[in-house]
Amino acid sequence: SFKGHQEAIIEHVIHGGNAFVLMPTGAGKSLCYQIPALYRNGIGIIISPLIALMQDQISALKNLNIRCATINSSISSNEILEVMKDARNGVIDMLYISPERLLMPHFLEFLNDLPIALFAIDEAHCVSQWGHDFRPDYVNLSILAQKFPNVPRIALTATADAATRSDIVEKLKLQNGRTFITGFDRPNIYYCIPASNNPKQQLLQFIQTKHIGENGIVYCISRKKVEETANWLQEKGFNALAYHAGMTTEQRAKSQSKFLKEDNIIMVATIAFGMGIDKPDVRFVAHMNIPKNIEAYYQETGRAGRDGLPAEAVMFYNIGDAVMLRNFIDESGASEIQKRIEHQKMNALIRLCESGTCRRQIILEYFGDKSGPCGNCDTCKNPGHTFDATVAAQKAISCV
């Protein structure tokens, strides 16, 4: 049976409608374009930002004997020509490509000669300047509405606040389509954000007392931290793997394959790992450092408990990480507007970390969703000590 809005979305796109889809991680977004791509005449063009994400979906589809392929920088010119030939001959049902590839003039000409079932824009928050992973090439995907006005377009993401959602619909010209929004709550995930105090020992105690023999992901801020933490966990007797952008494609593929296929594995990674990863029984996600914003945190923690069973998200909070990330923002080559947006998002994340009220409430409110105290986070289980700081705050402001 279908989950949530899946059936309504599939019916809508099968009949040629445009759609914007917002579903939490693990809710089954990919099915919403894969089934219409198979059902409708022609080839489904799926636009995705990461090669690893494409490869993961293609492997799953090929296991189901579905005819699919990708064109990306990791395959040879001869392989690309072969895929294009298969697409012309109707041998492929789905073709995965990056936005950069799609926007090449010769590739757009190639698409002109094909019967196209639909365009699916995955990780659509990349379209928006307000999105947490803005990519300029995604903005130019508005060309699809002009060049292929009769081909349905479906944009999908798991993480978009109200401003980002509005921007996606406008940029991709989906105003005449339907918007489907599923609630953001993942009630099976327990959120916990303790202060960072010797985070390695905190992580060790967390795993030893709660998650021995279980699958988990540990996120670190840098490649160096990934290597150090993975080696340290191995020394402590855990099956720990490393994954970061400094490794070769083969090394990353080997780590990812082992993580997906085996049990009792802890993946230590930078944010280069995880987008599109579909391992249902990840029992915990740990952050050794704070992420850039709530969207990234929500997306990364959402890789836990995709089977609906209890899972845990722990983040060791250190204000020093926030200072470092603010410096990264200030020193980046982004526009002043973009920097201001990123600082606002950082402020919201710090509020989540330092709040004495329900973590889940703050996350859901950030995305425009509502919740009472959840009873399944550290601040609900052990409320922090609070006091009325009005006078103290007024004095501080006066001093400034």
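The values are calculated or read from the model by the stated rules, or taken from the named source; none is laboratory data. Everything quoted here is computed from the prediction, not taken from an experiment. Here the Cβ positions follow ideal geometry from the backbone for every residue, glycine too, while neighbour counts run over all protein chains shown. When the accessible area is computed, the model is the full protein with side chains, heavy atoms only, and any ligands, DNA or RNA have been set aside. Shrake-Rupley method; radii C 1.70, N 1.55, O 1.52, S 1.80 Å.
Check GLN205, GLN234 and return the single one that is in contact with a strand residue (DSSP E or B) (Cβ under 8 Å, 6 or more places away or on another chain), more than 20 Å from ILE271 (Cβ to Cβ) and surrounded by fewer than 17 Cβ atoms within 10 Å (Cβ to Cβ).
Details: GLN205 fails: in contact with a strand residue (DSSP E or B) (Cβ under 8 Å, 6 or more places away or on another chain).
From the options GLN205, GLN234, the qualifying one is GLN234.
How about the range 91-179: which helices (runs of 4 or more DSSP H) wholly inside it have at least 3 residues that are within 29 Å of ASN293 (Cα to Cα) and aliphatic (A, V, I, L, M)? Walk me through it before giving the result.
Numbers: elements: 99-102, 105-112, 136-139, 143-147, 162-171.
Ranges flagged: 162-171.
Restricting to the range 308-320, name every residue that is over 22 Å from GLN208 (Cα atoms) and either of a type in the set (Phe, Trp, Tyr) or buried (at least 21 other Cβ atoms within 10 Å of the Cβ) (or both).
Keep residues of the range 308-320 that are over 22 Å from GLN208 (Cα atoms), which gives 308, 318-320.
Residues satisfying the conditions do not exist here.
How many of the residues in the range 118-150 are surrounded by 13 or more Cβ atoms within 10 Å (Cβ to Cβ) and out of contact with any Leu (no Cβ under 8 Å at 6 or more places or on another chain)?
13
What number goes with the only condition from (1) within 20 Å of the chain's Cα centre (by Cα); (2) at pLDDT 90 or above; (3) under 21 Å from THR249 (Cα atoms); (4) not basic (Lys, Arg) that VAL21 does not pass?
(3)
Pick out the one residue from ILE341, ILE350, ILE329, ILE363 that is closer than 19 Å to ALA311 by Cβ and either of a type outside the set (Asp, Glu) or modelled with pLDDT of 90 or more (or both). Spell out the reasoning first.
Working: ILE341 fails: closer than 19 Å to ALA311 by Cβ; ILE350 fails: closer than 19 Å to ALA311 by Cβ; ILE329 fails: closer than 19 Å to ALA311 by Cβ.
Result of the check over ILE341, ILE350, ILE329, ILE363: ILE363.
Name every residue in the range 325-342 that is touching a residue at least 24 places away in the same chain (Cβ under 8 Å) and surrounded by 15 or more Cβ atoms within 10 Å (Cβ to Cβ), in order of residue number. Break it down into steps so the answer makes sense when it comes.
Step one: filter the range 325-342 for residues touching a residue at least 24 places away in the same chain (Cβ under 8 Å), giving 325, 337-338, 341-342.
Within the range 325-342, LEU325, GLN338, ILE341, GLU342 meet the criteria.
Among what's in the range 297-318 and is modelled with pLDDT of 90 or more and part of a helix (DSSP H, G or I), pick the residue that is nearest to PHE206 (Cα to Cα).
Of everything passing the filter in the range 297-318, THR301 is nearest to PHE206 (Cα to Cα).
Please find, among LYS345, LYS370, LYS292, the residue that is open to solvent by 50 Å² or more (accessible area, probe 1.4 Å) and in contact (Cβ under 8 Å) with a residue 24 or more places away in the chain. Reasoning before the result, please.
Numbers: LYS345 fails: open to solvent by 50 Å² or more (accessible area, probe 1.4 Å); LYS370 fails: in contact (Cβ under 8 Å) with a residue 24 or more places away in the chain.
Within the list LYS345, LYS370, LYS292, the selection yields LYS292.
Which of the following residues is more than 27 Å from ARG223 (Cβ to Cβ) and touching a helix residue (DSSP H, G or I) at 6+ places or on another chain (Cβ under 9 Å): CYS353, CYS374, CYS399? Let's see the steps before the verdict.
Numbers: CYS353 fails: more than 27 Å from ARG223 (Cβ to Cβ); CYS399 fails: touching a helix residue (DSSP H, G or I) at 6+ places or on another chain (Cβ under 9 Å).
Being more than 27 Å from ARG223 (Cβ to Cβ) and touching a helix residue (DSSP H, G or I) at 6+ places or on another chain (Cβ under 9 Å) holds for just one of CYS353, CYS374, CYS399, which is CYS374.
Can you find even one residue in the range 325-343 that is in contact with a Ser or Thr (Cβ under 8 Å, 6 or more places away or on another chain) and of a type in the set (Phe, Trp, Tyr)?
no
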